[in-house]
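In what follows, a single structure is set out as structure tokens and then discussed.
The values are calculated or read from the model by the stated rules, or taken from the named source; none is laboratory data. What you see is a predicted model; the values in this text were computed from it and never measured. All Cβ positions, even for glycine, are placed from backbone atoms using ideal geometry, and neighbour counts span all protein chains on display. Note: accessible area is taken over every heavy atom of the protein model, side chains too, but ligands, DNA and RNA are not part of it. Shrake-Rupley method; radii C 1.70, N 1.55, O 1.52, S 1.80 Å.
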Amino acid sequence: MYVVVLSHFQYRLETFTECRQTRQASELYDGGFIDSSDVASPPAPWDVVVDPPPLFTDCEMHIPVPHTYSVKNCPDCKGCGTTVCRSCKGTGKKTCSSCNGTGKNWQEDFPICTFCGGSGKVRCYKCRGSGKLKCSRCNGTGILLFHTELTIIWKNNISEHVVDKNSGFPISHLQEVTGKGIFTDEHSLVYPIVNFPEPSISEGSQACIEQHRIQSAKRHILRQKQTIEVVPVSKVVYQWKGKLHFFYVYGNEKKVYAKDYPGKYCSVM
């Protein structure tokens with residue numbers, strides 16, 4: 001049995017971004033004070049001051065923009081406080097379920113349907129025959145209090161690059177473990193790593209930074225951090241029943257990967 005050391009370099013780029021969007025929001029109006037643009041000029045989306053979350057932490061916040069409130073007619077009922085009953089389509093009547101709209105009773109003693117009186121229609125139970133329902137959005141008042149709602153999204157965008165040594169070990173498993181940090185660089189904007197002993201790391205750094213620059217075109221980059229770890233990977237080669245076999249031990253957690261391990265159980269002390 002012998003051991004081959006195959007430690008991998010793993011590059012990681014984190015870009016912490018902020019995005020701001022606005023939309024119209026509404027709520028029931030109770031007749032109170034209206035913070036409209038007559039009070040003061042509304043601030044622009046990026047002028048609204050908020051406390052950001054810790055760096056490199058995903059977070060979403062919804063904030064009403066000051067001085068954007070106004071009272072308008074409810075768009076659902078057009079200000080009348082009622083909407084058309086969908087059950088009867090505004091007619092106030094529905095087809096009689098007893099005679100299926102024929103108005104007839106098939107019993108000889110009572111030729112006319114007793115439920116609808118021969119009309120084939122009965123009063124709609126949902127709107128009680130009015131053909132209208134109280135508007136659920138404005139609660140029948142016909143008006144709503146509108147304002148601009150600001151949505152702020154903080155997102156930590158992560159890209160990784162792992163040097164593949166073509167050793168047969170699936171590098172996707174390295175995401176499950178940790179290694180030893182050998183380099184950390186954190187600034188408002190980081191620059192590609194150059195002249196690293198492993199050229200693939202420099203190439204991966206440049207590619208990841210360019211990718212995040214393009215992806216963040218419509219967002220503000222608040223902070224970037226790039227790190228390099230050495231993840232320990234060892235290939236253990238052994239003989240079993242006259243044939244050579246191998247397995248891998250990887251990460252600080254000493255996890256084991258054995259694709260074709262011949263025995264039933266495996267443990268690493």
Checklist entry - Out of all the residues in segment 203-212, is one or more within 31 Å of the chain's Cα centre (by Cα) and under 26 Å from Thr22 (Cα atoms)? => result yes
Next on the checklist: For segment 51-100, give me each residue that is closer than 30 Å to Thr17 by Cα, surrounded by 13 or more Cβ atoms within 10 Å (Cβ to Cβ) and of a type in the set (Ser, Thr, Tyr).
Outcome noted: Thr68, Tyr69
Checklist outcome for this item: Conditions (1) assigned to a loop (DSSP other than H, G, I, E, B); (2) more than 30 Å from Trp154 (Cβ to Cβ); (3) open to solvent by less than 50 Å² (accessible area, probe 1.4 Å) -> Pro43 fails only (2)
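For (1) of a type outside the set (Lys, Arg); (2) touching an Asp or Glu at 6+ places or on another chain (Cβ under 6 Å); (3) over 30 Å from Val190 (Cβ atoms), each residue gets a yes or a no:
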{"position": "Lys104", "(1), (2), (3)": "no, no, yes"}
{"position": "Gln107", "(1), (2), (3)": "yes, no, yes"}
{"position": "Cys113", "(1), (2), (3)": "yes, no, yes"}
{"position": "Gly117", "(1), (2), (3)": "yes, no, yes"}
{"position": "Thr148", "(1), (2), (3)": "yes, no, yes"}
{"position": "Asn156", "(1), (2), (3)": "yes, yes, no"}
{"position": "Val162", "(1), (2), (3)": "yes, no, no"}
Checklist entry - Here are Ser159, Ser119, Ser172: which of them is polar (S, T, N, Q) and assigned to a loop (DSSP other than H, G, I, E, B)? => result Ser119
Item to check | Residues of segment 192-223 classified as open to solvent by less than 80 Å² (accessible area, probe 1.4 Å) and in a loop (DSSP other than H, G, I, E, B), total | outcome: 6
Checklist entry - Considering only segment 161-177, how many residues are surrounded by fewer than 18 Cβ atoms within 10 Å (Cβ to Cβ) and either farther than 17 Å from Tyr11 by Cβ or within 27 Å of the chain's Cα centre (by Cα) (or both)? => result 9
Item to check | Hits in segment 8-35 (condition: over 21 Å from the mean Cα position of the chain (by Cα), hydroxyl-bearing (Ser, Thr, Tyr) and open to solvent by 30 Å² or more (accessible area, probe 1.4 Å)) | outcome: Ser26, Tyr29
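Please go through segment 230-256 and give me each residue that is part of a strand (DSSP E or B) and open to solvent by 50 Å² or more (accessible area, probe 1.4 Å), ordered by number. Give the steps one after another, and end with the answer.
Quick first cut of segment 230-256, residues part of a strand (DSSP E or B) only: 230-231, 233-240, 243-250, 255-256.
Once the filter is applied, which keeps residues that are part of a strand (DSSP E or B) and open to solvent by 50 Å² or more (accessible area, probe 1.4 Å), segment 230-256 yields Gln239, Trp240, Lys243, Leu244, Phe246, Lys255, Val256.
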Checklist outcome for this item: Of Leu189, Leu144, the only residue that is assigned to a strand (DSSP E or B), of a type outside the set (Val, Ile, Thr) and either within 30 Å of Pro45 (Cα to Cα) or touching a residue at least 60 places away in the same chain (Cβ under 8 Å) (or both) is Leu144
Checklist outcome for this item: The residue that is nearest to His147 (Cα to Cα), considering only those in segment 46-76 that are acidic (Asp, Glu) and part of a loop (DSSP other than H, G, I, E, B), is Asp76
Checklist entry - Of all residues in segment 106-138, which are under 30 Å from Ser70 (Cβ atoms) and either surrounded by 14 or more Cβ atoms within 10 Å (Cβ to Cβ) or over 34 Å from the mean Cα position of the chain (by Cα) (or both)? => result Lys132, Leu133, Lys134, Cys135, Arg137, Cys138
Next on the checklist: List pairs: first residue in segment 77-102 and of a type in the set (Ser, Thr, Tyr), second residue part of a strand (DSSP E or B) and open to solvent by less than 80 Å² (accessible area, probe 1.4 Å) anywhere in the structure, Cβ distance under 6 angstrom, at least six positions apart or on different chains.
Outcome noted: Thr83/Leu133
